[in-house]
């Protein structure tokens with residue numbers, strides 16, 4: 001979102017105007033918000049602790065309930081004028097950004113978790129008896145599971161950039177970053193199969209794919225040309241970084257202790 005970095009914690013939704021990184025307590029009384037998403041322009045969305053899906057116009061700090069009582073809502077994605085979200089029971093739902101009656105789009109594997117939507121396609125991670133990545137059209141239809149995690153593995157932190165979808169694929173205390181075309185095909189590691197310590201954050205822009213690894217306390221960039229070109233260490237960070245966001249010319253991230261929002265030049 002131009003000029004802003006926004007994040008949630010157990011005690012509210014907060015932001016910083018950038019530059020000069022002026023702290024703004026947007027909704028400090030919000031209890032346990034989750035599923036935070038942005039339209040990239042002026043609005044952010046999240047689920048409240050009672051399941052309401054709410055929007056916030058950041059410049060004016062105006063909060064609105066889009067749809068109430070989505071008790072199983074997990075993660076939100078914005079595509080045009082539509083909000084999509086995962087439910088823990090395996091459904092993907094949608095509603096207009098201005099509100100209305102939500103509808104089920106698809107029903108997939110149980111444990112639907114992180115969601116990424118681009119134009120007419122959506123990908124999401126799922127957890128349960130098996131863990132992996134599922135995909136379907138934003139208009140509904142059959143659900144495919146193009147990637148299933150190996151034993152003791154899972155899929156987390158999924159995003160779409162250009163014509164590729166990326167996700168973190170941790171296995172026990174190590175893992176890789178996987179990718180595949182949004183039009184289908186076979187998943188492959190962007191790191192050439194090299195394992196990294198516990199993965200925590202994922203982002204992408206035209207210069208490459210960024211990810212964080214706790215075990216080696218670093219922020220890495222996998223440049224165009226992967227997996228032939230190995231990931232590059234952008235910076236070593238202690239404590240290890242967790243979730244991240246890209247806001248030119250910086251990369252913002254939450255340290256693993258969850259106590260600070262930090263930034264580093266790209």
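Values as computed for the structure displayed
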item: Boolean, residue 96 is buried (at least 19 other Cβ atoms within 10 Å of the Cβ), under 25 Å from residue 26 (Cα atoms) and free of Cβ contacts under 8 Å to residues at least 60 places away in the same chain; result: no
item: Hits in the range 12-31 - residues which are loosely packed, with under 14 Cβ neighbours inside 10 Å and assigned to a loop (DSSP other than H, G, I, E, B); result: 19, 20, 21, 28, 29, 31
item: Cβ pairs under 8 Å, 6+ apart, first in the range 17-42 and touching a residue at least 40 places away in the same chain (Cβ under 8 Å), second surrounded by fewer than 15 Cβ atoms within 10 Å (Cβ to Cβ) and part of a strand (DSSP E or B); result: 42/57
item: Residue 46 being within 22 Å of residue 94 (Cβ to Cβ) and either touching a helix residue (DSSP H, G or I) at 6+ places or on another chain (Cβ under 9 Å) or not in a loop (DSSP other than H, G, I, E, B) (or both); result: yes
item: Matching residues, the range 103-123, being surrounded by fewer than 20 Cβ atoms within 10 Å (Cβ to Cβ) and under 20 Å from residue 66 (Cα atoms); result: 103, 104
item: Options 54, 74; residue that is part of a strand (DSSP E or B), free of Cβ contacts under 8 Å to residues at least 40 places away in the same chain and in contact with a strand residue (DSSP E or B) (Cβ under 9 Å, 6 or more places away or on another chain); result: 54
item: Positions within the range 164-206 being outside any strand (DSSP E or B) and modelled with pLDDT of 85 or more, in sequence order; result: 182, 183, 190, 206
item: Output for the range 66-93, where each listed residue is buried (at least 19 other Cβ atoms within 10 Å of the Cβ) and over 18 Å from the mean Cα position of the chain (by Cα); result: 66, 67, 70
item: Every residue from the range 1-28 that is at pLDDT below 85 and under 21 Å from residue 242 (Cβ atoms); result: 1, 18, 21
item: Boolean, residue 37 is within 18 Å of residue 253 (Cα to Cα), part of a strand (DSSP E or B) and touching a strand residue (DSSP E or B) at 6+ places or on another chain (Cβ under 9 Å); result: yes
item: Residue pairs meeting the criteria (Cβ under 6 Å; at least 6 apart or on separate chains; first at positive phi, in the range 139-153; second at pLDDT below 90 and loosely packed, with under 13 Cβ neighbours inside 10 Å); result: 152/172
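The values are calculated or read from the model by the stated rules, or taken from the named source; none is laboratory data. Just so you know, these numbers come straight off a predicted model, no measurement behind them. Cβ atoms come from the backbone with ideal geometry, glycine included; neighbour counts cover every protein chain shown.
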